[in-house]
Amino acid sequence: MASDHGNKPPGIAPSVEWSDGELRVSLPFEEGKVIDAKWRPELTTVVRIRELGAEDWSPGFETPLQGCSFVGLKPDTEYELQVTHKNAKGEGPAARMRCRTQPSGQMGEIVPFPRQ
């Protein structure tokens with residue numbers, strides 16, 4: 001079956017929204033027609049970040065996706081990351097990693113913390 005991805009309706013763009021634990025996706029497919037879907041993933045990931053040595057973690061964010069990127073980080077600065085998984089029973093144990101931004105501000109290699 002052939003597909004013409006260039007034939008989306010004018011003025012309507014696909015959208016993805018994450019709010020209050022619910023993922024919503026809206027996909028236009030013909031003139032004036034849109035497919036809407038929403039669901040609550042059973043497992044999400046919570047990510048927090050802080051500069052090395054800072055006392056408090058960022059408020060963090062929850063996402064159903066398996067990856068993320070950070071913007072606005074300070075160049076040549078070491079950061080700690082904390083990642084947990086969350087389900088209906090709450091958050092699981094945290095995995096902690098350390099990384100250093102490059103002089104450009106991009107994140108460099110991520111190194112897991114040693115087990116304590």
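Could you list, in sequence order, the residues of the range 35-53 that are in contact (Cβ under 8 Å) with a residue 24 or more places away in the chain and open to solvent by less than 100 Å² (accessible area, probe 1.4 Å)? Talk me through it step by step, then tell me what you get.
At the first step, the residues of the range 35-53 found to be in contact (Cβ under 8 Å) with a residue 24 or more places away in the chain are 42-52.
Residues satisfying the conditions are Leu43, Thr44, Thr45, Val46, Val47, Arg48, Ile49, Arg50, Glu51, Leu52.
With the structure loaded, tell me whether Gly11 is in a loop (DSSP other than H, G, I, E, B) and either of a type outside the set (Ser, Thr, Tyr) or modelled with pLDDT of 90 or more (or both) or whether it fails that test.
yes
Under the condition of being more than 30 Å from Asp20 (Cβ to Cβ) and in a strand (DSSP E or B), which residue from the range 75-98 is least open to solvent (accessible area, probe 1.4 Å)? Can you show your working first?
Let us first name the residues in the range 75-98 that are more than 30 Å from Asp20 (Cβ to Cβ), namely 75-78, 98.
Of the ones still in play, those that are also in a strand (DSSP E or B) are 78, 98.
On the way: Glu78: 50, Arg98: 86 Å².
The selected residue is Glu78.
Would you confirm whether any residue within the range 92-106 is polar (S, T, N, Q), at pLDDT below 75 and over 16 Å from the mean Cα position of the chain (by Cα)?
So in the range 92-106, the residues polar (S, T, N, Q) come out as 101-102, 104, 106.
Adding the requirement that they be at pLDDT below 75 leaves 106.
Add one more test, that the residue is over 16 Å from the mean Cα position of the chain (by Cα), and what stays is 106.
Within the range 92-106, one or more residues are polar (S, T, N, Q), at pLDDT below 75 and over 16 Å from the mean Cα position of the chain (by Cα).
The values are calculated or read from the model by the stated rules, or taken from the named source; none is laboratory data. Computed from a prediction, not measured in an experiment: that's the story for all the values here. Cβ atoms come from the backbone with ideal geometry, glycine included; neighbour counts cover every protein chain shown. Areas reflect the complete protein model, heavy atoms only, side chains present, ligands, DNA and RNA absent. Shrake-Rupley method; radii C 1.70, N 1.55, O 1.52, S 1.80 Å.
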